[in-house]
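See below for the structure under consideration.
The values are calculated or read from the model by the stated rules, or taken from the named source; none is laboratory data. Please read these numbers as outputs of a predicted model, since none were measured by experiment. Cβ: placed from backbone, ideal geometry, glycine included. Neighbour counts: every protein chain shown. Calculation scope for accessible area: heavy atoms of the full protein, side chains included, ligands and nucleic acids excluded. Shrake-Rupley method; radii C 1.70, N 1.55, O 1.52, S 1.80 Å.
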Amino acid sequence: MKSDQEFMRRALELAALGRGKTSPNPLVGAVVVKDGVIVGEGYHKKAGTPHAEVIALQEAGARAKGADLYVNLEPCCHYGRTPPCTKAIIEAGVKRVVVACEDPNPLVAGKGIEILRQAGIAVEVGVLEEEARRLNEVFFKFITTRRPFVTLKVAMSLDGKIATFTGDSKWITGEQARRYAHQMRAEHDAVMVGIGTVLADDPLLTVRLPGESKQPWRVIVDSRLRIPLESRIALTSDKFPTIVATVQHQGSRERKKLLEERGIEVWELPADHGRVDLDALLEELGRKEITSVLLEGGAMLNASALEAGVVDKFVIFVAPKIIGGSRAPGPIGGPGVERIEDAWLVSDLEFSRVGEDLMITCYPRKS
């Protein structure tokens, strides 16, 4: 007979199918098991649509009575865009609920589990908890801080270069890595770059994958409002949502008006040493319910993000190429640290192959 871990793993697989589609809600999968056999399953597909538990219970029908329910996140117990899942679970006659982890949402936070127990349902918590927390790392960050989860993505050569000394950077990584990067864009609410990237590469910052994909917000950090009106971002701002973050300064009124006429949201934010304060920017993005940001900035913006302590995760693609050159830029600009002991540390490293390239994921080490 399958174990609790195996059924929970299936719930996690289902939950992952909602990547990039459920924001600001979490990724949730649910499995209904009767006599060791799965009789119903489902996952949350989009904010405002039925939750995973409800879909799984509907598929199970009468077989849900006396069954076990596996869900990777504590069932909700409040009325939001949909009714509480605890109500549906109780009414279905489920005898046991296995939960991977509690919901950090203050509206739930253990209350859903307690309601189920008070209804006489056995509840077990903590099965594959670490995997469940990692799956919903974006939701956990946003719901507890109201700030987006920031992933810094880098594509570099084996010797740590993101471009040649002339600025040429197309293409360092292979086709499969580039396709994976577009998938990452589709799974984030926003893509952020600095004005240097816009001036050098004139990118679109859109998702270009087969089929229909959600397009993220495009966020340009542009302290002096230098974004060209003829840039591809400005010319397509009527089709793709765009924010230009700048600081207030003389002479910006007319340019701000021209950009806003194109449909671009221009945010004037506090300055930090003359540049956009990234903390203030993330605060504003959070107010807009942007829960995740893919930082594809150049060396200077990457350095500013590290110095500001706003990076939550790193995804680094390393291509089997050597570029060389003392003037060829690396992924982190700025002055850097003076001593090795002051270097930023990372943890939880994972390595995988994406086509011909190596992909490294890791997290800033907490002090």
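Summarising the amide proton neighbourhood of Leu295: residues at separation of 5 or more, or on other chains, whose placed amide H is nearer than 5 Å comprise Thr151, Leu152, Lys153, Met192.
Here region 230-358 exposes an accessible surface that is 50 percent carbon and sulfur, computed with a 1.4 Å probe and the other protein chains kept in place.
The residues of region 231-367 present an accessible area of 56 Å² per residue when probed at 1.4 Å with all protein chains retained. Quotient of the Cα radius of gyration of the chain and 2.2 N^0.38 Å, N being its number of residues: 1.10.
For region 1-158, the alpha-carbon radius of gyration amounts to 1.03 times the rule-of-thumb value 2.2 N^0.38 Å expected for a compact globular protein.
The orientation-averaged shadow of the Cα convex hull for region 198-340, equal to a quarter of the hull surface, comes to 11.2 nm². Using a Gaussian network model of the chain in which every pair of alpha carbons under 10 angstrom is joined by a spring, one finds that among His249, His44, His188 the greatest mean-square fluctuation is at His249.
Quotient of the Cα radius of gyration of region 119-161 and 2.2 N^0.38 Å, N being its number of residues: 1.93. The H on the amide N of Val346, modeled in the peptide plane, is under 5 Å from the matching H of Arg365, each at least 5 residues off or on a different chain.
Computed over region 1-160, relative contact order equals 19 percent, with contacts defined as Cα pairs under 8 Å that lie 6+ residues apart.
Placing one equal scatterer on every Cα of region 153-219 and applying the Debye formula, the log10 ratio I(q)/I(0) at q = 0.12, 0.19, 0.20, 0.29 Å⁻¹ is -0.34, -0.84, -0.93, -1.40.
For region 1-101, the set of chymotrypsin sites (Phe, Trp or Tyr not before Pro) satisfying both a DSSP loop assignment and a count of at most 13 other C-beta atoms within 10 Å is given as Tyr79. Taking a ≥ b ≥ c as the square roots of the eigenvalues of the Cα gyration tensor, region 102-237 is prolate, since a/c reaches 1.5 or more and a/b is larger than b/c.
Kirkwood radius for region 246-318, taken over all pairs of different Cα atoms as the inverse mean of 1/r, rounds to 14.0 Å.
With contributions of -39500 (n - 2.57) from each DSSP H run of at least four residues, the per-residue ellipticity at 222 nm computed over the chain stands at -8000 deg cm²/dmol. Round to a whole number: what % of the accessible area of region 82-226 belongs to carbon and sulfur, probe 1.4 Å? Carbon and sulfur together cover 52 percent of it.
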